[in-house]
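Enquirer: Got a structure for you, written out below as structure tokens; questions coming shortly.
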Amino acid sequence: MKRIYLMLFCLCVFAMSRAQKIASFEVNPTHVSNGIQMPVSVDLDAVTFLPDSVLQLVEVQGSKRIPVPYQVQSTGKRVLYWQVDQTGDKAQKHVYELIKGEARPNGVAGQAKNSFPVISAKKDTGALTIGTGNRSFLSYYYLTRYPPKGVDTAYRRSGFIHPLFSPHGQVLTRIQAPDHYHHYGLWNPWTHVLYQKDTIDFWNLNSKQGTVRFAKFLSMNDGPVFSEYKVLHEHVVLKKGPASGKVAMNEVQTVRIYQPNNPDYYIMDITSELNCADTSEVLLLEYRYGGLGWRTTEEWDNKNSEVLTSEGKTRKDADGTTARWCIVQGKLSNDYGGLEMMSYPGNYNHPEPLRVWPENQFVRGDMYANFDPTKNMNWLLKPGHTYTLHYRFLVFNGHFTKEKAESAWQNYSTPPAVQVKIEK
């Protein structure tokens, strides 16, 4: 065994001696991360045109060079992603080097797959699941889910997330609750939409005016840093009339989960790109709920859960107020956890209005929350334009504080700058 280790050490020394430094990256966080990794990225093509398979990323720690998982995504240009591992109660500078080494036999971008654990998305029996090792983070239903037997099939739906799991494996979402059969975990309809001179309700499925359906997968990406899927959702008119059967609005939804380095946290980003499906304008009318909604676990009520917003509002007074972030957390069996919802500063009507169910909802205080950019104003979508909403969800176990929430939002809204120095 000692002989094998000696051989491996010699191989590593030999490989490093033949390595060529391409560039150095300096990351200077301005906010403490509370032990949560911070995703960062650089334009790789602006640094080098070398193929991904010959590149290695290392962190400089004194005389040491520590290999770091990275991932390259190509969408017209190559972007290099990795995560900054920040610990302690002060923001610390990190320095990395991008190195040219020997080509990997499999040519896999973002380090060889056997070097670091990979987070991946897999399809099975109508749902796509993102996970790593024996941990699952979410399932996304792309095939239609029907309501329980005896319930009007108008409540059927595809294109939603359930379950969304806490880091310790508890379910944070609920679908088809008897009080709202049209609630589907994390899902995305708009309630009152003016399209071709008629108002369509895509949220309340029992109205049979409209629905949202999965149309197709656009892309999937796996790797040691993140896993993501991109899908097309269609807002379909069902209401009788000239527009019946038409797709009024398209949504391209991208869901990305970053590989966690901490058993108590992980990051999920959801991007929603809205556009008109034809030459007709779409007017999202002011209404008290709409957009990306979250029906929480049935385990939560007004005695074992809590709400806190960036403006200091709680379950008592959060509804109808605006916020940059909102924590919803509570008891989960013998554990505790929840998530922080974060609105990106570039979103329409940011800071965004909140819809939070009152404490006496269904007497016991069932929980529902969402950011609703059209809660207090209309939103006009014009043909030929794309309108984008960005959200980050920090999913956690344990009790989350306002200090942690504010720090997480700051790192999301103003991510650490990466200073690039290219070797000549």
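The values are calculated or read from the model by the stated rules, or taken from the named source; none is laboratory data. Since the model is a prediction, treat every value here as computed from it, not as a measurement. Cβ atoms come from the backbone with ideal geometry, glycine included; neighbour counts cover every protein chain shown.
Enquirer: For the stretch 344-356, which positions are under 16 Å from TYR289 (Cα atoms) and in contact (Cβ under 8 Å) with a residue 40 or more places away in the chain?
Expert: TYR348, PRO351, LEU354, ARG355, VAL356
Enquirer: Might you check whether a residue that is buried (at least 18 other Cβ atoms within 10 Å of the Cβ) and not in a strand (DSSP E or B) occurs anywhere in the stretch 389-400?
Expert: Initial filter on the stretch 389-400 (buried (at least 18 other Cβ atoms within 10 Å of the Cβ)): 389-397, 400.
Filter again for not in a strand (DSSP E or B), leaving 400.
Yes, some residue in the stretch 389-400 is buried (at least 18 other Cβ atoms within 10 Å of the Cβ) and not in a strand (DSSP E or B).
Enquirer: A follow-up question, please. Answer yes or no: is there a residue in the stretch 305-321 that is surrounded by fewer than 20 Cβ atoms within 10 Å (Cβ to Cβ), among the β-branched types (Val, Ile, Thr) and either within 23 Å of the chain's Cα centre (by Cα) or not assigned by TED's automatic domain parsing to the domain that holds ALA243 (or both).
Expert: Within the stretch 305-321, not a single residue is surrounded by fewer than 20 Cβ atoms within 10 Å (Cβ to Cβ), among the β-branched types (Val, Ile, Thr) and either within 23 Å of the chain's Cα centre (by Cα) or not assigned by TED's automatic domain parsing to the domain that holds ALA243 (or both).
Enquirer: Further, regarding this structure: Could you say whether any residue in the stretch 296-306 is part of a strand (DSSP E or B), touching a Phe, Trp or Tyr at 6+ places or on another chain (Cβ under 8 Å) and under 23 Å from HIS168 (Cα atoms)? Please lay out each step first, then the result.
Expert: First pass over the stretch 296-306, keeping only residues part of a strand (DSSP E or B): 296, 305-306.
When the remaining residues are screened for being touching a Phe, Trp or Tyr at 6+ places or on another chain (Cβ under 8 Å), the result is 296.
Imposing the further condition that a residue be under 23 Å from HIS168 (Cα atoms) reduces the set to 296.
Checked the stretch 296-306: at least one residue is part of a strand (DSSP E or B), touching a Phe, Trp or Tyr at 6+ places or on another chain (Cβ under 8 Å) and under 23 Å from HIS168 (Cα atoms).
Enquirer: What pairs come up if the first residue lies in the stretch 186-205 and is at positive phi, the second is surrounded by fewer than 24 Cβ atoms within 10 Å (Cβ to Cβ), and their beta carbons are under 7 Å apart, counting only those six or more places apart or on different chains?
Expert: Hits for this filter: GLN196/PRO242; GLN196/ALA243; GLN196/SER280.
Enquirer: Say we look at the stretch 1-43 and pick out the residues that are of a type in the set (Ser, Thr, Tyr) and either at pLDDT below 80 or part of a loop (DSSP other than H, G, I, E, B) (or both); which of these is nearest to GLY398 (Cα to Cα)? Write out each step before concluding.
Expert: The first filter runs over the stretch 1-43 and keeps only residues of a type in the set (Ser, Thr, Tyr), leaving 5, 17, 24, 30, 33, 41.
This time we only want the ones that are either at pLDDT below 80 or part of a loop (DSSP other than H, G, I, E, B) (or both), so: 5, 17, 30, 33.
Details: TYR5: 40, SER17: 45, THR30: 25, SER33: 16 Å.
Applying the filter and picking the extreme gives SER33.
Enquirer: While we're looking at this one, here's another question. Find all pairs meeting these conditions: Cβ atoms under 6 angstrom apart; at least six residues apart or on different chains; first residue within the stretch 374-398 and under 23 Å from ASN250 (Cα atoms) and in the same structural domain as PRO345 (by TED's automatic domain parsing); second residue part of a strand (DSSP E or B) and of a type in the set (Ser, Thr, Tyr).
Expert: Here the result reads LEU381/TYR387; LEU389/SER272; HIS390/THR271, each pair linking the stretch 374-398 to a residue that is part of a strand (DSSP E or B) and of a type in the set (Ser, Thr, Tyr).
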